[in-house]
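Throughout, read-outs are computed from the coordinates displayed, never taken from laboratory work. Treat the numbers as computed from the prediction; the structure is a model and nothing was measured. No Cβ is skipped: glycine too gets one built from the backbone with ideal geometry, and neighbour counts run over all protein chains shown.
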Amino acid sequence: MSVLALSGGIGGAKLALGLYRTLPPRALTIVANTGDDFEHLGLSVSLDIDTLLYTLAGIDNPETGWGRKNETWTFMAALEAVGGETWFKLGDGDLATHIERTRRLAGGERLSQVTDHFRRCFGISAEILPMSDDRVRTRLQTAEGWLDFQEYFVRLRAEPIVREISYAGASEARANPGLLAALADESLEAVVICPSNPFLSIDPMLSLPGVRAALRACRAPVIAVSPIVGGKAVKGPTGKIMGELGLPIGAAAVARHYEDILDLFVADEADMDDVAELGIPVKLARTLMVTLEDREALARAVLTAADLGV
């Protein structure tokens, strides 16, 4: 059994955990968005990769959804005392991950190698692949000009109006060979697009040369899970961005965004009317993942819809 999941951060990691706990060991490969990556205080920070690592290892912060549980903040307090930049919070435990990543990258390792090292250190049996070892950065054109993602999302709290989104470096980047190999593998049984922000988390992957075509050619069913529940985004600026880009805010609009690569769309039961007229198959499920049981139940619903018999 082999399943490939495409994931961003918090929302995607919830379903990724459900899949991880539901599938047999080593059956799951997760491709992580790296468009959110950035360099801060001289460190290489990979937010979505780390959220997946911490979540699958069971050491994520359940209150924030990002970072590590039982975190301490001595470094940030000391940095503030000497007048350093503190708009982006780095906990003491999380800081160790970024320092070691930066050290290994400077020593010549690729991001995929570093990520696999961390995966093994945390005892995770699923593969976690960065979407690319090359630099790709999500940027947003706003009324304040072009902004890097973390500046928009964290420093400015996603408040500026978004007019356009670009993925700098994507056209020259090479998709992770493991991603393309998985999509071409005849033993692959399902591709799951997790309920992450379509524009900020999934589109950076789809913008890489060859990825969209490989998804279209893939023999396994491609299934997307809606990040919209009851006409509203569960978390983050998905709904806000859809409105600012002139799109209707709803599950059906998300499905149409993926329509050229999609075999099945999983929407929340509350959005039944919104997705009733879609031209692709739809499965209704309870997609709001509050508890661990919710994550596992949604994973089973997705896998069952893919005829995996799980």
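Annotations
- Viscosity 1.306 mPa s, 10 °C: Kirkwood-radius Stokes-Einstein D of region 126-210 over Cα pairs, µm²/s: 111 µm²/s
- Centre-to-centre separation between the Cα atoms of region 170-214 and those of region 103-164: 15 Å.
- Cα-based helix-to-principal-axis angle, 10-22 vs the chain, degrees rounded to 10: 60 degrees
- As a rough footprinting exposure proxy, the listed residues Thr86, Thr238 were ranked by other beta carbons within 10 Å of their own, and the order from fewest upward is Thr86, Thr238.
- DSSP beta bridge pairing in region 3-305, given as percent antiparallel to the nearest 5: 45 percent
- Radius 12 Å from Cβ of Val154, net charge of other residues (Lys, Arg +1; Asp, Glu -1): -2
- Relative to the globular-protein estimate of 2.2 N^0.38 Å, the Cα radius of gyration of the chain stands at 0.95.
- In straight-distance terms, cross-link reach from Lys89 covers every one of the lysines whose alpha-carbon lies under 28 Å from its own, apart from those fewer than eight places away in the same chain; here that gives Lys14, Lys69, Lys232, Lys235, Lys240.
- Exposure proxy ranking, count of Cβ atoms within 10 Å, fewest first, for Trp87, Trp73: Trp87, Trp73
- Sites matching GluC sites (Glu not before Pro) across region 121-158 that sit in DSSP coil, with at most 14 neighbouring C-beta atoms within 10 Å: Glu144
- Summarised in one figure, the compactness ratio Rg/Rh of region 75-174, Cα atoms and Kirkwood Rh, is 1.03.
- Residue exposure proxy: Cys121, Cys194, ordered by other Cβ atoms within 10 angstrom of their Cβ from fewest to most, comes out as Cys121, Cys194.
- For region 170-265, the set of GluC sites (Glu not before Pro) satisfying both a DSSP loop assignment and a count of at most 12 other C-beta atoms within 10 Å is given as Glu186.
- Considering only Leu17, Leu156, Leu179, the Gaussian network model of the chain with Cα springs below 10 Å gives its largest mean-square fluctuation to Leu156.
- Rounded Å value of the spacing that divides the Cα centres of region 242-310 and region 53-82: 31 Å
- Summing +1 for each Lys or Arg and -1 for each Asp or Glu among the other residues whose beta-carbon sits under 12 angstrom from that of Ala126 gives +2.
- Most mobile of Ile261, Ile161, Ile241 in a GNM of the chain (Cα contacts under 10 Å): Ile161
- If you take all other residues with their beta carbon under 15 Å from the beta carbon of Arg295, and give Lys and Arg +1 and Asp and Glu -1, the sum is 0.
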